[in-house]
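Taking it in order: structure first as structure tokens, then the write-up.
The values are calculated or read from the model by the stated rules, or taken from the named source; none is laboratory data. Remember, predicted model here, so these are calculated numbers, not experimental data. Positions of Cβ are generated from backbone atoms using ideal geometry, with glycine treated the same way; all protein chains shown enter the neighbour counts.
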Amino acid sequence: MLHKRFKFRNIILLLLLLIPFMSNAQDLTGKEIIEKVYYRDDGDDRRGKLTMILVNSRGDKRVREIKQFDKDFGATEKKIMFFTAPADIRETSFLNWSYDDPAKDDDQWIYLPALGKVKRISSDSKDDYFMGSDFTYDDLGDRHPDEDTHKLLRTETLEGEECYVVESLPKEEGYMYSKTETWVIKDKWIGLQKKFYDEDGDYLKTLKVKEYKDYDGILVITHSQMHNAQKDHKTIMKYKDIELNAGIGSNYFTERMMSRGL
Amino acid sequence: MKTFINFITKYPWPILLGILAVTAFLFIEMSANSRMETDLDEYMPQDHPAFVYSDSAEAIFNIKDGIIIAIENKDGIYNPQTLGKIKTLTKDLGQMKQIEKGDVTSLYTADNIIGTETGLDVTSFYEEVPESSDKLESIRQSVRTNEMVYERIVSEDETVSVVIAEINDDVFSMEFYHEILDLASSYEDEDHKLYVAGTPIVEGTMAYLGPKDMKKMVPIVILVIIIVLYVTLRNIKTTILTLSVVILSVIWAFGLMAWLGISIYAVTTMMPVMLIAIGVADGIHLFNHMHLYLQEHPEASRKDAISDMVRNMWKPVAMTSVTTSVGFVSLLASEVYPIKYFGLFTAFGVMAAMFFSLVFIPVGLMIFNKPKQVKAKRESEKHHPLAHKISKWVLQHKILVLVISVLTIGIGIYGTQKVWINSSFLDKFEDDSDIVQTDNFINKKFGGTTTLNVILSADRKGAFKDPEILKLMSKMQKDVVGSVKEAGNSFSLADYLERMNKVMHADKEEYNRIPDSHNLNAQYLLLYEMSGDPDNLWEVVNYDYNKANLNIQIKEDDSKSLKAVLDEVKSYRGEFSKLNVDINFAGSGYTALVFTDLILEGQIKSLVITFIIIIVLLSLMFRQVSIGFIGAVPISITAVLSFGVMGLLNIPLSTTTALLASIAIGIGIDYAVHFIERYRINHKQHTDSLHIATATMNHSGRAILFNAVVVIAGFLVLLFSVFPPNRALGALVSFNMFTAFVGTITIMLVLLHWKKKFK
């Protein structure tokens, strides 16, 4: 038996050695792939209308409409959102500054028109869900590649696109995901699908990109869906009326703008 | 009948082997396929509107019953050890396969939303277990000022904190319960004590303990019955044969159930008890008859004695079995399936007992020979002096008997009005049992272990963001908790909004109220979704904000307390309907209450049906309508007195005790039928009423007395049960037997005496 097992291990080793040759790739590592996704050109600023549809396990739906502006300021990304529907939260606005530095928490403010005040929200956890959706702030693109170790598992075709499948394991102990697997489209550097496993290693949810569009050479995800399998809850995000590099002024991303509205 | 008797006496062995073969088959079925059903939801009639409503509300708001584990540290919980235990216990529970991770709530998982001068701080109370006394003190302060945690997750005196694991209805098992207990006790040390409580624990333990106790008690009951049977029948052969009839009928009833794939429910475990009580009667009457026959004809052959017995007794045995079965079949009127099954299969068992009495006993006697006549015939033995004395006394005091009977009925009716229904599961346990003690402990420290879900539904979307509605909810909550002493705490969407309003105003207490604007409420809720765990929100309101779930925690689980809370909530119906909001109820506490009412309603329906059918049957059997009514007198007195005594002694009607009326009738009618049949026969042969009475008393009266003594002795054994409902059952069945016996030989005898003509 012992002899046999050794033999088996040798075969596995041999196969592992062969993988880089078989895969015929440009010898990219998992980390490089994820970095390419993270640093992919998405313009200097963006504006558009975001529709967020939340669907619970019984099929009840809630729809929120948001006008969203965001802009890169070096290592800081600033984003402001104005709710336009439903009516009772119209003009509520939300400002978020996020930092490339993993050690630094996001700064967040909210303006409630019925209260007439801007309030700062401080939160000690990055694993907060974004407005009751199935996305956390990290899922929305905030997570820096250095926070995980990445490994290219294989390449495969998904929905007609050639994809790298990369496994990412968090460096931080007790992070809300024990593992994620990302299907990254070759040469486009868009994550087409991502599977999330919770801190106990159980399968949690899947993000699927349903549609992406080319805006003057910049690819923008316009329709995605996150399905939390444990709760059977779904969030659909649709992004439209998109304008890239629109020259949004930096005064847009201030408390004053929040209360002044659009 | 003659060919039947000939057949039996001719082929005793084949018949015996046939019966044994069928019994063996059913016994194998019973041991191989019996399935115990402990999930109480299986008892509920799923299509009843109250249950349908509750089910849908439970699905909307994810209402589940929670297992509550309390950690007590007498020196206070704010130290690294206790907080560490809370954290690991929370994680351990989430790891159990029966519990979903998101369904565990504790100080470790709770959100701490704090207002500051500039804004809002959303944190957990702790992630890493804090070591420094500063940090511990700051946790203590945040808990104290957080109404959503203080006195809900941490007790007022800060010595106890609870970890709540909500579970689905179908996962509870005794193994799971023991796993939880083991887990809890593994956290105990000299500073920490753990308590496990909650509805699933109580229900699960009850569903397990009741039948287990029955299993232990039934053999003792049988043993006592064997002894008493032997003492009364004074013959080992007849004792064995009588007992065999009972055991065979129990095997056939349970075997048939297993064969048809019908589960055993907690109520089904009362079947052996019923069949034992009813089944021994046939044997006693048969052997009583044979005994008297042999006294008169000491030289009679085995075949003659058997023929005489079957010829004279088949009619009353068949009549009593049919009438008793009718009583049980009428339980089909119940909406509760386990009770339907109980009625149906007990009826089958009774008919099986009749079959065995008329076939197995004669066959057994053919094979093992007739019982030896122990005592030589003496003239004084022919009519027992006691039979004479009783008959004489009754016939001399007819009016007195009548007056006492009427008084008894009067007392019974008076007591019946005091009967109260109890759906409590906890009341079924001993007051000093662990489960009750734990419950009391948690109820003392927290809002209550029983939850009533008040479901509010509005006519339009977004209604539960309206200040008027939310303010009324808040007012009702304060009123219920303030005015009903059993209501310990309440929780609803209003609490979230009050808290958010306070937090957004730098934690100033005067803002701990519902904001005046619909939009502000909407915006607070959006903010809560952004900062807290939105899943918590969907336990109190639905997506469209037109349905809300208002929880009221109650410290007792008995019907009186639940009804007190219900009544207070219902008094708000008018005010809510002005705002176009309806009030309904859901949750296990409420369905248990409805369920108990249903059982009782079914019981009363079946009682009425039984009385009517029995009167009709007796009228047909004896071909006289008046006899139908006379025969119903002892069982009426028994039933009324049974309920009356329960009312007077403050024994609540529950799912167990409610079935007693069926036993009372089932057994009581047997006494009446045997007595009437014998009285009628004697009436044909004699004219002197005292002689008729004495002869009847000597024959049927004697057998009824034996029957009553045997069954009463057997049931008194249940008084030693560890399970209070089984004790009540034992005491009340014994009492009912006694009433039925006395009623039959007194007031019914008087009525028979007054009735001059017999067909």
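So the values come out like this:
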| item | result |
| --- | --- |
| Positions within region A:68-90 being at the interface with chain B (Cβ under 9 Å from one of its Cβ atoms) and either among the hydroxyl-bearing types (Ser, Thr, Tyr) or surrounded by 15 or more Cβ atoms within 10 Å (Cβ to Cβ) (or both), in sequence order | A:83, A:86, A:88, A:89, A:90 |
| Residue B:290 assigned to a helix (DSSP H, G or I) and either farther than 22 Å from residue B:337 by Cβ or touching a strand residue (DSSP E or B) at 6+ places or on another chain (Cβ under 7 Å) (or both) | yes |
| Matching residues, region B:480-513, being hydroxyl-bearing (Ser, Thr, Tyr) and away from every other protein chain (no Cβ under 12 Å) | B:483, B:490, B:492, B:496 |
| Some residue of region B:324-338 being crowded, with 24+ Cβ neighbours inside 10 Å, of a type in the set (Gly, Ala, Ser) and either at pLDDT 90 or above or not assigned by TED's automatic domain parsing to the domain that holds residue B:663 (or both) | no |
| Wholly within region A:169-217, strands (runs of 3 or more DSSP E) carrying at least 3 residues that are surrounded by fewer than 17 Cβ atoms within 10 Å (Cβ to Cβ) | A:203-215 |
| Tally of residues being under 17 Å from the mean Cα position of the chain (by Cα) and either of a type outside the set (Ser, Thr, Tyr) or more than 8 Å from chain B (Cβ to nearest Cβ) (or both) across region A:102-125 | 3 |
| Filter result for the condition that a residue is free of Cβ contacts under 8 Å to residues at least 12 places away in the same chain and either closer than 21 Å to residue B:443 by Cα or basic (Lys, Arg) (or both), over B:203, B:188, B:175 | B:188 |
| Answer from B:516, B:558, B:533 - the residue that is within 14 Å of chain A (Cβ to nearest Cβ), among the acidic types (Asp, Glu) and touching an Asp or Glu at 6+ places or on another chain (Cβ under 7 Å) | B:533 |
| Residue match in region B:657-667 (condition: free of Cβ contacts under 8 Å to residues at least 24 places away in the same chain and surrounded by fewer than 24 Cβ atoms within 10 Å (Cβ to Cβ)) | no |
| Tally, over region B:118-144, of residues that are at the interface with chain A (Cβ under 9 Å from one of its Cβ atoms) and farther than 17 Å from residue B:106 by Cβ | 5 |
| Sole exception among (1) closer than 17 Å to residue B:159 by Cβ; (2) within 34 Å of the chain's Cα centre (by Cα); (3) of a type in the set (A, V, I, L, M) for residue B:96, by number | (1) |
| All positions within region B:80-117 that are in contact with a strand residue (DSSP E or B) (Cβ under 7 Å, 6 or more places away or on another chain), away from every other protein chain (no Cβ under 11 Å), of a type in the set (S, T, N, Q) and outside any helix (DSSP H, G or I) | B:98, B:105, B:106 |
| Region B:536-554, residues that are closer than 13 Å to residue B:493 by Cβ, more than 9 Å from chain A (Cβ to nearest Cβ) and aliphatic (A, V, I, L, M) | B:540, B:541, B:548, B:550 |
| Among (1) under 20 Å from the mean Cα position of the chain (by Cα); (2) over 20 Å from residue A:237 (Cβ atoms); (3) facing chain B (nearest Cβ under 8 Å), the one test that residue A:129 misses | (2) |
| Some residue of region B:269-278 being surrounded by fewer than 22 Cβ atoms within 10 Å (Cβ to Cβ), within 25 Å of residue B:20 (Cα to Cα) and not polar (S, T, N, Q) | no |
| Test: residue in region B:519-526 that is assigned to a loop (DSSP other than H, G, I, E, B) and either away from chain A (no Cβ under 14 Å) or of a type in the set (S, T, N, Q) (or both) | no |
